[in-house]
1. Among the numbered conditions (1) over 19 Å from Arg161 (Cα atoms); (2) acidic (Asp, Glu); (3) surrounded by 17 or more Cβ atoms within 10 Å (Cβ to Cβ), tell me where Glu75 comes up short.
2. Can you run down the residue pairs with Cβ atoms below 6 Å, 6 or more apart or on separate chains, where the first is in region 158-171 and closer than 14 Å to Ser183 by Cβ and the partner is aromatic (Phe, Trp, Tyr)?
3. Does Ser51 fit the bill of being crowded, with 20+ Cβ neighbours inside 10 Å, more than 14 Å from the chain's Cα centre (by Cα) and not basic (Lys, Arg)?
4. Inside region 171-198, can you point out the residues that are under 14 Å from the mean Cα position of the chain (by Cα) and surrounded by fewer than 15 Cβ atoms within 10 Å (Cβ to Cβ)?
5. Hey, Tyr168 hits all of (1) buried (at least 16 other Cβ atoms within 10 Å of the Cβ); (2) of a type outside the set (A, V, I, L, M); (3) out of contact with any His (no Cβ under 9 Å at 6 or more places or on another chain) but one; which does it fall short on?
6. Return the residue satisfying two criteria in turn: it lies in region 121-165 and is among the aliphatic types (A, V, I, L, M) and within 18 Å of Ile6 (Cβ to Cβ), and of such residues it is surrounded by the most Cβ atoms within 10 Å (Cβ to Cβ).
7. As an exercise: evaluate Arg85 against (1) in contact (Cβ under 8 Å) with a residue 24 or more places away in the chain; (2) more than 17 Å from Met153 (Cα to Cα) and give the number of the one condition it does not meet.
Amino acid sequence: MTSAIIVAAGSSQRMGFNKLLAPLGGVPVIVRTVRTFDQCDAIDEIIVVGSEAVREELAKHSFPKLVKMLPGGSERHFSVFEGLRALSESSQIVAVHDGGRPLITTAQISKCVAIARDKRAVACARPVTETMKRCDDSGKITNSLERKNAWIMETPQVFDRELLMTAYEHVLGSELLVTDEVSAVQALGEPVFVVENTSPNLKITFPADLALAEKLL
């Protein structure tokens, strides 16, 4: 059994309004995200960890695989852990996805799940193609960064259920702050592998991202 935890509890401070409820092609961002997972044959159940507004919006729609909606925590890793605790007992693989990435495809989800069954820990990602520079606090460029073998992490990030649960128990027990599941699993010293995504999968963060996502749709 494969489960999906969709994290949708962010404050959207950089957006200025709730980005997950913003219309994208006439459909709220979070509805598009959940719908894609609901339509993916590789996913058996969906758990959404989100704000009250998100849960109210999703309640207006029908998603056969959406089994639970939970309130989120003060930090992302608390939200993910609540989702892990709510998984069905028979769940063996778990995919964690950002609610603000509505352009993910069913094909990419299925690809990540299939590889995770073999590798135990994978992350949807894309290779860095731009020239990268490091700056100091004043904005002055100080040096170049090597882009060879550099990857930008996306979601879903998919893991063996027991491995990810152990990782998050370690994170919480050690009072670590992690921004994604890759970091949590790496804190155990376990390897995580990238699964290249060749389709647009931007995270809605700023108003311009909504406009770009509209064009991509």
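1. Among (1) over 19 Å from Arg161 (Cα atoms); (2) acidic (Asp, Glu); (3) surrounded by 17 or more Cβ atoms within 10 Å (Cβ to Cβ), Glu75 violates only (3).
2. Here the result reads Tyr168/Phe81, each pair linking region 158-171 to a residue that is aromatic (Phe, Trp, Tyr).
3. Yes: the conditions hold for Ser51.
4. Thr179
5. Among (1) buried (at least 16 other Cβ atoms within 10 Å of the Cβ); (2) of a type outside the set (A, V, I, L, M); (3) out of contact with any His (no Cβ under 9 Å at 6 or more places or on another chain), the lone unmet condition for Tyr168 is (3).
6. Top of the filtered list is Val158.
7. Status for Arg85: all satisfied but (1).
Conditions tested, residue by residue: (1) in contact with a Pro (Cβ under 9 Å, 6 or more places away or on another chain); (2) within 14 Å of Ile30 (Cβ to Cβ); (3) polar (S, T, N, Q); (4) without any contact (Cβ under 8 Å) to a residue 24 or more places away in the chain.
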| residue | (1), (2), (3), (4) |
| --- | --- |
| His77 | no, no, no, no |
| Phe81 | no, no, no, no |
| Ser91 | no, no, yes, no |
| Leu103 | yes, yes, no, no |
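The values are calculated or read from the model by the stated rules, or taken from the named source; none is laboratory data. The shown structure was predicted, so the numbers you read here are calculated from the model rather than taken from an experiment. Glycine gets a Cβ as well: all are built from the backbone with ideal geometry, and neighbour counts include every protein chain shown.
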